[in-house]
Amino acid sequence: MKKSASFLIVACLLFVKAFADEGMWLPQLLATLNEKEMKKMGMKISASDIYNINKGSLKDAIVSFGGFCTAEVISDKGLLLTNHHCGFDAIQNHTTLQNNYIRDGFWAGNYSQELVNPGLTATFIVSIDEITTAVLNNVTGNMTEKERQSMIDKNIDEFKKAVKKENYQDVLVKPFFEGNKYYLFITETYKDVRLVGAPPSSIGNFGKDTDNWMWPRHTGDFSIFRIYAGKGNKPADYSADNVPYLPKRSLNISLDGVKEGDFTMVFGFPGKTTEYLHSSAVAQIMNVSDPVKIAIRGKALQVLDGFMRKDEQIKIQYAAKYSGIENAYKKWKGEILGLGLCGAVDKKKMQEAEFEKIIAADAALNSKYGGLLQQLKETYSAIEAYGYARDYYNEITPRIELFTIASKAWSIVTALPEAPSVFKKTLSVATAQIDGIFKEYNAGVDQKLFEVLMEMYVKGQREKNVSPVLKKMLLENNNSFAELAQTLYAQTAFTHRDRLPLNTNKPDSNWVSSITSDPAAILYNDIRNTYSNNISKKLNELQATLNQFQRTYVQAQTEVFKNKIFYPDANSTLRVAYGNVKSYKPRDGVNYHYYTYLDGVMEKYKPGDYEFDVPEKLIELYHKKILAAMLSTENNPFVLLLPTILQAATAAVLRWMLMAIWSGSILTGCGKAP
């Protein structure tokens, strides 16, 4: 989720002051771990009002939106509120040059006008239970990581078979604390989620790249969907007969705003955090991994931006891709800045020194954990070069869609010897994926991405990690990446959907030959094989060792720092964070308030600007000073926008501040010392 780069500084300088105990807490444990403190901070409800499996509670209004965002049920008709960028892909899928919903926004006037989104889901949590003992049954310390995981997988499979659930419910088991604990989730997933409304991008994405991850921010970052249910209010695939979902609980929207010191809480599905890393890992993130990814994404963004500013059709096709690339790009830049400013590595080293001091004074602890930190340090040193090559491969190959198409086509070929049922499924899935790619594909854009990113691939890493086939092709094209790109994209069949005659029958020998001999497939396979042979095998070995050490280190911290209450890292499961609303001072002489006004939108307004233009209607309303009157106007979709802008304390602080860590930010070393 798009949050502020400034927050990475906040995470170091303010977070502890704003929140007595920072963390992403499991909701079912609030009553025992957090409720007392939360009430002292001003919470007026109980922990059972937040999480309860016997009656409706706040958890029943919180949704995992598509598996990649959080949404909230805000009406008894299944209405969902989520971020604009979370709904962006759905908005884009319905956008055409004639109906440009990205640019102009979209509002359904009635149920029949709400737009269907195949594949988009809304998942509720029914219950959460710890099952660590069952999962780790027969797991011993002398097992290899592979043996350990095999036993865990076996135990999980057996346990899931015995779980009592309804036939429309699912079972999910997730590791916590690096695999030291396991929790089981019963979930219900609704598969008919329709687009109801979204503001124009000049509001929903106001400030775009410049303001992304920054504060103060003035973006009306919201979109609205609705869950539909089948008979009995149960999950069902899309049907015209489905009706709006009746929730167990929905959230009320207050237009009163908040004041400094108010208790606040965020409830949702954070992506991934890494709170308990060794200092060597934090240093590697700051100095190696993040800079590599930033450089690659920066080049890709330059290419896309150049095309998107000139061509409205390309802008529509690549809007969601650009947003996804830019979001992490900006976050990583802020991550480096924030971790540097708060001295994260040094703080980690201080914690590690205290760790070693305590275990040195305790014979039992020393026998278990003596030398652990040195082992971690040595393993991170060994993995650094392989991690660098991994980041190059993982950032470059997915950006070039020619390679993605080649990989999907190749998967069909490799599935030919499999059982008919396996092949048929592979063919169906790959064909659907290829069709999806071509809906938002431009060969000219992709060719330029290939040219720019392949140059980085060759020049940015060790020669032994570069594909021999690529080096040969480059030599045949005068060592010019532009010539190579032009030649390859002229020769390959993978730039045109009609050259890939896929059907429900087995492809004939001519089709198979055309795939296996296609230059794009040959190049992609060699790049993949080069990575597999030179990098991934050794990387996997080192990662297995690192996983074992990291799991032991997390367990050790809970034993060594006995007075600290530990919360698990985010892993896309339901969590709660809480605190008090406050402003903050990022530097001397500067104070940031906890909300922004529409005045700030108009101060940033630049007519015709790519990022800071605003709709004429908003300008008119602002100058006529009739916004307050509109708040009382019934049945006006614009009412849903105004609280987002005017009450940004809720829309911004409660999301952009707390959820920054939930989207994958690293707070290692920036929180409180044990």
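No lab work stands behind these numbers, since they all come straight from the coordinates. The structure presented is a predicted model; accordingly, all values stated were derived computationally and were not measured. Don't worry about glycine lacking a Cβ; one is built from the backbone with ideal geometry, like all the others, and counts go over all protein chains shown.
Using DSSP to define loop residues, name the GluC sites (Glu not before Pro) in the range 141-196 whose beta-carbon has at most 14 other beta-carbon atoms within 10 Å. Display every interim value, and only then the final one.
Numbers: sites: Glu145, Glu147, Glu158, Glu166, Glu178, Glu188; in loops: Glu166.
Loop-located and lightly packed - Glu166.
Just report the Cα centroid separation between the range 410-448 and the range 552-620, whole Å.
So the two Cα centres are separated by 40 Å.
By how many nm would the segment from Ser367 to Asp613 lengthen if fully extended, with 0.36 nm per residue of separation less the alpha-carbon distance? Display every interim value, and only then the final one.
Working: separation 246, 0.36 × 246 = 88.56 nm, distance 6.37 nm.
This chain segment gains 82.2 nm when fully extended.
Please compute the length gained on full extension between Asp599 and Glu166, using 0.36 nm multiplied by the number of residues separating them and subtracting their Cα-Cα distance. Mind showing how you got there, number by number?
Values: separation 433, 0.36 × 433 = 155.88 nm, distance 5.15 nm.
Extra length from Asp599 to Glu166 when fully extended: 150.7 nm.
Return the loop-located trypsin sites (Lys or Arg not before Pro) in the range 530-629 (DSSP other than H, G, I, E, B) with at most 10 other Cβ atoms within 10 Å of their own Cβ; answer none if there are none. Walk me through the numbers on the way to the answer.
On the way: sites: Lys537, Lys538, Arg551, Lys562, Lys564, Arg575, Lys582, Arg587, Lys604, Lys617, Lys624, Lys625; in loops: Lys562, Lys564, Lys582, Lys625.
Listed in order of number, the matching sites are Lys562, Lys625.
Once a ≥ b ≥ c are taken as the square roots of the eigenvalues of the Cα gyration tensor of the chain, is the result rounded (a/c under 1.5), prolate (a/b larger than b/c) or oblate (a/b not larger than b/c)?
Details: a/c = 1.34, a/b = 1.06, b/c = 1.27.
The shape class here is rounded.
Taking amide H positions as placed in the peptide plane 1.01 Å from N, state which residues far from Ala229 in sequence (5 or more) or on other chains have amide H under 5 Å from it.
Val243, Tyr245
At most 12 other Cβ atoms within 10 Å and a DSSP loop assignment: could you name the trypsin sites (Lys or Arg not before Pro) in the range 150-216 that fit?
Details: sites: Lys154, Lys160, Lys161, Lys164, Lys165, Lys181, Lys191, Arg194, Lys208; in loops: Lys164, Lys165, Lys191.
Passing both the DSSP loop test and the Cβ count: Lys164.
Could you work out [θ]222 nm for the chain from helices alone, using -39500 (n - 2.57) per DSSP H run of at least four and dividing by all its residues? Round to the nearest 500 deg cm²/dmol. Don't jump to the answer; show the numbers that get you there.
Details: 30 runs with 315 residues, N = 674.
About -14000 deg cm²/dmol.
Hey, rough spin-label estimate for Phe566 and His623, points 7 angstrom out along Cα→Cβ, what's it come to in nanometres?
With each label placed 7 Å out from Cα toward Cβ, I get 6.1 nm.
Work out the charge dipole of the chain with +1 on the Cβ of Lys and Arg and -1 on the Cβ of Asp and Glu about the Cα centre, then indicate which of Ser428, Ile224, Thr32 is farthest towards its positive end.
Most positive-ward Cα: Thr32.
Counting other C-beta atoms within 10 Å, which of Asp129, Asp311 has the fewest, and how do the rest follow? Before the final figure, lay out each step's value.
Working: Asp129 12, Asp311 15.
Lowest to highest Cβ neighbour count: Asp129, Asp311.
Note the full-extension length gain between Glu147 and Gln302 as 0.36 nm times their separation in residues minus their Cα-Cα distance, in nm to one decimal.
On the way: separation 155, 0.36 × 155 = 55.80 nm, distance 4.57 nm.
Stretched fully, the Glu147-Gln302 segment lengthens by 51.2 nm.
Fewest first, what order do Asp391, Asp362 take by the number of other Cβ atoms within 10 Å? Don't skip to the end; give the middle numbers.
Numbers: Asp391 19, Asp362 13.
Fewest-to-most Cβ neighbours within 10 Å comes out as Asp362, Asp391.
So for Arg103, Arg309, fewest C-beta neighbours within 10 Å to most, what's the order?
On the way: Arg103 16, Arg309 11.
So the residues, fewest neighbours to most, are Arg309, Arg103.
Using alpha carbons only, how many angstrom separate the centre of the range 56-79 from the centre of the range 310-329?
Going from one Cα centre to the other spans 27 Å.
Quick one, could you list the DSSP H helices from the chain stretching 30 Å or more along their long axis (Cα atoms) with average Kyte-Doolittle hydropathy of -1.0 or above?
On the way: long enough: 312-341 (41 Å, -0.43); 372-396 (35 Å, -0.62); 537-560 (34 Å, -0.88).
The qualifying helices are 312-341, 372-396, 537-560.
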